[in-house]
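The values are calculated or read from the model by the stated rules, or taken from the named source; none is laboratory data. What you see is a predicted model; the values in this text were computed from it and never measured. Cβ sites come from the backbone with ideal geometry, for glycine too, and all protein chains shown count toward neighbours. Side chains are part of the model used for accessible areas, which takes the heavy atoms of the whole protein and leaves out ligands, DNA and RNA. Shrake-Rupley method; radii C 1.70, N 1.55, O 1.52, S 1.80 Å.
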Amino acid sequence: DFLCIAGARDIGNQRNDDGSKGWVESTPECCVLERFPPDDAFHVKNGRNTALIPQVEWFCFPEGCKLWRGSHPPTHEDLKAGGVSSTTRSLLDASYTAFDTYLGSSSSFSWFVLSSNSDDYGSKLVKTYGAVVRFYVPAPKGIDPTQDDFAQTIGGFGAVQKGKHQSLNQKRLWVPIGICLTSTLPIVGVVEEILLRMCHAMSSKLSSNKRLYSATSSVASKLYDMLQTDLFHLIVNFSTPIPGVVHCSIPFLEGERLHITTSPPNGLPPLPHGGAVALACRLLGAEGLTLLLAAALTECKILIHSTNVANVAMVAEVISALLFPFTWQLPYIPVLPKDMLEFLEAPLSFFVGIPTANLKFVDKNVLSEIVVV
């Protein structure tokens, strides 16, 4: 339905942070840098009643928008130490390794789901799925007032003197970028494959045509040039299958056509992946699975957490599917962003998930009334 590129709007207040710890103590705001279609009215004019999730950038960075200062972008170990989800599925490693090599940065994959309905009485719940690939890029020149000409030496602020050759061990400011695809169809696996092919195409085509891009061209402009032909065409001319009756397939870049199927309206609820139930059972164990099912059937306040954001969304989808023929009709936010943690103080039941790193921001008195797994 939508493609958006999310990133940091600013760098927040970080004048007192010398970057010695790598992760910058700052409170930057994130925003949508680019999106297609440019507005929701584009789909409405073409008969598709769908809209981009409000504040989708929060869901792209559920741990919060974090900045990194160092001579190189954060590694997977740095991301994990900073509370940023960096685990990817084993099947994705080859493509992401090539993508990481091209970017010179560590990328990570995550996905989320959000349910909503209209104000009309009896309206049906509609789920929106989003998949995100995230990585770090150098901050634009001049955005950081604490640095001398976009770089700071490891010796600290002011160590770079005018007229002298800058040290090779410089600490740059790195900001996060996320490429997000959203869909109202439960096709997380297909969206994953689209992101994988996109990463592979960027790492192969862009690296083999470096002369076509100037050294000062931004990442956003490269992404735009690379994706406008294929991804924009896919979004505009997307074919929707008839639930439970007609399947469809769509071409995208190289490789086999992507097959899309949806379950019948009154059939078994869809799952994000074929092995989702087995993986959820391994993650939760017998006791955890039983506890979550019992809490969901009795409509308790439920909070699940994991160091891997993708696992949080997957477990929530599996539990809600196992409730069949019942459905969870209360607030359902499997990936709750850091900026929405106040929602946990709501007086009604809910089913939400958060990154484990965000648990420290939740009042212990609030957690005492919630089933936490």
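Would you be able to say whether some residue in segment 296-308 is in a loop (DSSP other than H, G, I, E, B), touching a strand residue (DSSP E or B) at 6+ places or on another chain (Cβ under 9 Å), within 20 Å of Lys127 (Cα to Cα) and open to solvent by less than 10 Å² (accessible area, probe 1.4 Å)? No, every residue in segment 296-308 fails to be in a loop (DSSP other than H, G, I, E, B), touching a strand residue (DSSP E or B) at 6+ places or on another chain (Cβ under 9 Å), within 20 Å of Lys127 (Cα to Cα) and open to solvent by less than 10 Å² (accessible area, probe 1.4 Å). Residues of segment 189-203 that are closer than 22 Å to Val113 by Cβ and small (Gly, Ala, Ser): Gly189 alone.
Considering the conditions (1) of a type outside the set (Phe, Trp, Tyr); (2) in contact (Cβ under 8 Å) with a residue 40 or more places away in the chain; (3) not in a strand (DSSP E or B), Val366 is excluded by exactly one of them, (2). The requirement of being farther than 23 Å from Pro331 by Cα, of a type in the set (Phe, Trp, Tyr), modelled with pLDDT of 80 or more and touching a helix residue (DSSP H, G or I) at 6+ places or on another chain (Cβ under 7 Å) is not satisfied by Phe99. When Thr327 is tested against (1) modelled with pLDDT of 90 or more; (2) surrounded by fewer than 18 Cβ atoms within 10 Å (Cβ to Cβ); (3) under 20 Å from Leu271 (Cα atoms), just one condition goes unmet, and that condition is (1).
The set of residues in segment 44-69 that are touching a strand residue (DSSP E or B) at 6+ places or on another chain (Cβ under 9 Å) and without any contact (Cβ under 8 Å) to a residue 40 or more places away in the chain contains only Ala51. Taking each residue of segment 271-290 that is farther than 29 Å from Ile260 by Cα and without any contact (Cβ under 8 Å) to a residue 24 or more places away in the chain and looking for partners that are β-branched (Val, Ile, Thr) and open to solvent by less than 60 Å² (accessible area, probe 1.4 Å) with beta-carbon atoms closer than 6 Å, six or more apart or interchain, yields nothing.
Of the residues contained in segment 10-20, none is found to be buried (at least 18 other Cβ atoms within 10 Å of the Cβ), touching a Lys or Arg at 6+ places or on another chain (Cβ under 6 Å) and at pLDDT 85 or above.
Would you tally the residues in segment 333-373 being β-branched (Val, Ile, Thr), in contact with a Gly (Cβ under 9 Å, 6 or more places away or on another chain) and open to solvent by less than 20 Å² (accessible area, probe 1.4 Å)? Full working, then the answer.
Taking segment 333-373 and keeping what is β-branched (Val, Ile, Thr), we get 333, 335, 352, 354, 356, 362, 366, 370-373.
Checking which are in contact with a Gly (Cβ under 9 Å, 6 or more places away or on another chain) leaves us with 333, 335, 356, 373.
If we keep only those that are open to solvent by less than 20 Å² (accessible area, probe 1.4 Å) too, we end up with 333, 335.
Count: 2.
Put simply, of Ser263, Ser214, Ser239, Ser221 the only residue that is modelled with pLDDT under 65 and assigned to a loop (DSSP other than H, G, I, E, B) is Ser214.
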